[in-house]
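Enquirer: Sharing a structure below in structure tokens format, with a few things to ask.
The values are calculated or read from the model by the stated rules, or taken from the named source; none is laboratory data. Keep in mind the model is a prediction, meaning the values are calculated, not measured. For neighbour counting, all protein chains shown are included, and Cβ atoms are generated from backbone atoms with ideal geometry for every residue, glycine included.
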Amino acid sequence: MKATGQLFIVSAPSGAGKTSLVKALVAALGDIEVSVSHTTRAQRADERPGVDYHFSDVAAFQKIVEQAGFLEHATVFGNYYGTSKSLVSETLQRGVDVILEIDWQGAQQVRKTLAGSCSVFILPPSKAVLEDRLRGRGQDSDDIIEKRMRVAVDEMSHFDEYDYLVVNDDFELALQDLRSIVQSHRLNVNRSQVLHADLIEQLLK
């Protein structure tokens, strides 16, 4: 018998290393998928439509909102982001675990809609390191970086709404922490008893 997949929510302030950690986690495990979000943000040179994001204009995005097609959606730095309700549901029903890379606003919406999700918040080791990482990306002006730092403080204030907290100081250690969280939830009794139903029945005869 196949159990439904586990939904994982991963949030972090911009520059904390969330995307890099999630990519490394997926590469290491191989049997977990990242939900591809919809966004009205302009496509960057190194991004691929349908792989990094589903890029759309504001009108198309708003149409999905009106049709209640998003599991969650939010406005971040003037751009819209949303998670497809149907795609997440279909993937979970196939028994595949799904990661949502979303902010705290989206996480609140998902918790109200789907029970049983596991949420992780990633923190930087310090504000100085966070700012260095933002500047190291070479994507934003000084004004934008200052704005991101102000927003980061507000985002980090919601850490206690999550199930787990990971500090991304040493990348490999943070990745190990994420893998441990995923593995522990895969061993949850409610899920394991479905996966091992035949074995349990035989053992208890």
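Enquirer: Can you tell me which residue is modelled with the lowest pLDDT among those in region 59-89 that are under 14 Å from the mean Cα position of the chain (by Cα) and within 21 Å of residue 12 (Cβ to Cβ)?
Expert: 74
Enquirer: Of the residues 25, 21, 92, which single one is buried (at least 16 other Cβ atoms within 10 Å of the Cβ), modelled with pLDDT under 95 and of a type in the set (A, V, I, L, M, F, W, C)? I'd like the intermediate steps shown before the answer.
Expert: Numbers: 25 fails: modelled with pLDDT under 95; 21 fails: modelled with pLDDT under 95.
Sole residue among the options that is buried (at least 16 other Cβ atoms within 10 Å of the Cβ), modelled with pLDDT under 95 and of a type in the set (A, V, I, L, M, F, W, C): 92.
Enquirer: Then there is this: For region 29-52, state whether one or more residues are among the hydrophobic types (A, V, I, L, M, F, W, C), part of a helix (DSSP H, G or I) and under 20 Å from the mean Cα position of the chain (by Cα). Talk me through it step by step, then tell me what you get.
Expert: Narrowing region 29-52 to residues among the hydrophobic types (A, V, I, L, M, F, W, C): 29, 32, 34, 36, 42, 45, 51.
So of that shortlist, the ones also part of a helix (DSSP H, G or I) come out as 29.
From what is left, the residues that are under 20 Å from the mean Cα position of the chain (by Cα) are 29.
The answer is yes, given that some residue of region 29-52 is among the hydrophobic types (A, V, I, L, M, F, W, C), part of a helix (DSSP H, G or I) and under 20 Å from the mean Cα position of the chain (by Cα).
Enquirer: Further question: Closer than 20 Å to residue 41 by Cβ, at pLDDT below 95 and not basic (Lys, Arg) - does that describe any residue in region 114-136?
Expert: Looking through region 114-136, at least one residue is closer than 20 Å to residue 41 by Cβ, at pLDDT below 95 and not basic (Lys, Arg).
Enquirer: Hey, any hits in region 53-65 for a residue that's among the basic types (Lys, Arg), buried (at least 17 other Cβ atoms within 10 Å of the Cβ), free of Cβ contacts under 8 Å to residues at least 60 places away in the same chain and more than 20 Å from residue 175 (Cβ to Cβ)?
Expert: In the first step, residues of region 53-65 are kept if they are among the basic types (Lys, Arg); the result is 63.
So of that shortlist, the ones also buried (at least 17 other Cβ atoms within 10 Å of the Cβ) come out as none.
There is no residue in region 53-65 that is among the basic types (Lys, Arg), buried (at least 17 other Cβ atoms within 10 Å of the Cβ), free of Cβ contacts under 8 Å to residues at least 60 places away in the same chain and more than 20 Å from residue 175 (Cβ to Cβ).
Each row is one residue, and each column tells you yes or no for (1) of a type outside the set (D, E, K, R); (2) surrounded by 15 or more Cβ atoms within 10 Å (Cβ to Cβ).
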site	(1), (2)
127	no, no
145	yes, yes
148	no, yes
160	no, no
203	yes, no
